[in-house]
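**Q** Here it is, the structure in full.
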Amino acid sequence: MDKKDIQPLIIAIDGYSSCGKSTLAKQIAKELHYVFVDSGAMYRAVTLYFIENDINIEDENKVLDALKHIDVTFKNINGVNTTFLNRKNVETEIRSLKVSQLVSEVSAISAVRKKMVALQRNMSGSQGLVMDGRDIGTVVFPNADIKFFITADPIVRAQRRFNELVAKNQKTDLHEVISNLEHRDKIDTEREDSPLKKADDAILLDNTHFDIEQQFKVAMQYIYGVIH
Ligand code: DC
């Protein structure tokens, strides 16, 4: 079947931190000519705004007011999906450990989630969409056509994230990365609003022993099985 004959689908990819969800989502989007959205980048951009503007996240009124001044968008720059906070390119800053250390607390705030989920639902147009995050298959698009739930051994995940930060010349320490992952997994799975969990109809993909290409192959086999 020619790719242009394929009905545009919504593909949801959820899972633990640093499992390679965005990498897989980008590969699928490229293969199918779909829009790719990294929903975690949106929570990271909100977190960066809160840090830069000294917003006390315990202060509900301050949070609500700050949310009115936050706009998160994406632009493709030289083939790289890039995150903008109030029209400023923040792609590098949102990946820093300083943001990673607060992002799970920020994304547990219901008002933050409400605003992000509304923005995310607006991103599904006539084109197919691949979105990765924590609640995409359960809350944002419960009727998504295909759902993946990605997991991997925590130590393998931490090592991958550490290598990534080193490659980007970001100051880091493996123990700090491990404790950050454990911290985020705990908050993301235990929070009250939209906790990370596998949707009943999601396909479980454990990539501990897969490299990026093997994971992509397995996912595409499944997607083509659904499409055809
Ligand atoms: O995918 P990521 O690691 O960049 O996401 C950063 C944080 O954002 C993650 O620890 C939890 C939160 N998040 C969320 O609560 N819901 C989403 N759909 C995506 C991310």
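**Q** Accessible area per residue of the range 87-228 at 1.4 Å probe, in Å²?
**A** 53
**Q** How large is Rg/Rh for the range 99-228, to two decimals, with Cα atoms and a Kirkwood Rh?
**A** Working: Rg = 16.1 Å, Rh = 16.5 Å.
In the range 99-228, Rg relative to Rh is 0.98.
**Q** Taking the Cα centre of each part, how many Å lie between the range 95-171 and the range 1-75?
**A** Their Cα centres are 6 Å away from one another.
**Q** Report, in deg cm²/dmol and to the nearest 500, the calculated mean residue ellipticity at 222 nm for the chain, where each DSSP H run with n ≥ 4 adds -39500 (n - 2.57) and the sum is divided by the residue count. Could the numbers behind the result be given before it?
**A** Details: 8 runs with 105 residues, N = 228.
Calculated at 222 nm, the ellipticity per residue is -14500 deg cm²/dmol.
**Q** Principal axis extents for the range 1-109, Cα atoms only, whole Å, descending order, please.
**A** 54, 28, 23
**Q** Follow-up question, since we're still on this one. Using a 1.4 angstrom probe with every protein chain in place, what is the largest-first accessible-area order of MET220, MET123?
**A** On the way: MET220 15, MET123 50 Å².
From most exposed to least exposed: MET123, MET220.
**Q** Given the pairs LYS147/LYS198; LYS26/LYS115; LYS68/LYS114; LYS98/LYS198; LYS30/LYS88; LYS114/LYS197, which span a C-alpha to C-alpha distance of over 20 angstrom in this model?
**A** Details: LYS147/LYS198 9 Å; LYS26/LYS115 24 Å; LYS68/LYS114 12 Å; LYS98/LYS198 28 Å; LYS30/LYS88 25 Å; LYS114/LYS197 18 Å.
Where the Cα-Cα span goes over 20 Å, the pairs concerned are LYS26/LYS115; LYS98/LYS198; LYS30/LYS88.
**Q** Considering only the other residues whose Cβ falls under 11 Å of the Cβ of ALA144, what net charge follows from Lys and Arg at +1 and Asp and Glu at -1? Present the calculation step by step, with values, prior to reporting the outcome.
**A** Details: positive: LYS147; negative: ASP14, ASP145, ASP201.
Neighbour charge sum, excluding ALA144 itself: -2.
**Q** Take each of the peptides 54-63, 139-148, average the number of other beta-carbon atoms within 10 Å over its residues, and list them starting from the highest. If you can, show how the numbers build up before the last one.
**A** Numbers: 54-63: 12.8, 139-148: 20.0.
So the order, starting with the most tightly packed, is 139-148, 54-63.
**Q** Once the whole set of protein chains is in place, how much accessible area is left on HIS228, using a 1.4 Å probe, in Å² to the nearest 10?
**A** HIS228 exposes around 130 Å² with every protein chain in place.
**Q** Largest first, what is the accessible-area ranking of LEU174, LEU48, LEU9 with a 1.4 Å probe?
**A** Numbers: LEU174 55, LEU48 0, LEU9 25 Å².
Greatest to least solvent exposure: LEU174, LEU9, LEU48.
**Q** Report the far tail of the P(r) of the chain, meaning the percent of Cα-Cα pairs longer than 24 Å.
**A** Values: 11018 of 25878 pairs.
Taking all Cα-Cα pairs of the chain, the fraction more than 24 Å apart is 43 percent.
**Q** In the chain, carbon and sulfur make up what percent of the accessible area (probe 1.4 Å)?
**A** 50
**Q** Tell me the angle of helix 39-52 to the major Cα principal axis of the chain, expressed in degrees between 0 and 90 and rounded to the nearest ten.
**A** 10
**Q** Pop a pseudo-label 7 angstrom from the Cα along the beta-carbon direction at both GLU31 and GLN221 and give the gap in nm to one decimal.
**A** It is 1.1 nm.
**Q** Please compute the contact order of the chain in relative form: average sequence separation of alpha-carbon pairs under 8 Å and at least six residues apart, divided by the residue count, as a percent.
**A** It comes to 33 percent, rounded to a whole number.
**Q** Sorting check: for 91-104, 14-27, which peptide has the highest mean count of neighbouring beta carbons within 10 Å, and how do the rest follow? Intermediate results must be reported in sequence, preceding the final value.
**A** Working: 91-104: 17.9, 14-27: 23.2.
In descending order of packing, they fall as 14-27, 91-104.
**Q** Report, for the chain, the % of DSSP beta bridges that are antiparallel, rounded to 5. Could the numbers behind the result be given before it?
**A** Numbers: 8 of 26 bridges.
Antiparallel bridges make up about 30 percent of those DSSP assigns within the chain.
**Q** State log₁₀ I(q)/I(0) for the range 147-204 at q = 0.22, 0.26 Å⁻¹ as given by the Debye formula over alpha-carbon point scatterers of equal weight, solvent excluded.
**A** Result of the Debye calculation: -0.92, -1.03.
**Q** What's the angle, to the nearest 10 degrees (0 to 90), between helix 212-227's Cα axis and the longest principal axis of the chain?
**A** 60
The values are calculated or read from the model by the stated rules, or taken from the named source; none is laboratory data. Bear in mind the structure is a predicted one, so any value in this text is a computation, not a measurement. Using ideal geometry, Cβ is built from the backbone for each residue, glycine included, and neighbour counts are taken over all protein chains shown. Heads up: the accessible areas ignore ligands, DNA and RNA and are worked out on the full protein's heavy atoms, side chains in. Shrake-Rupley method; radii C 1.70, N 1.55, O 1.52, S 1.80 Å.
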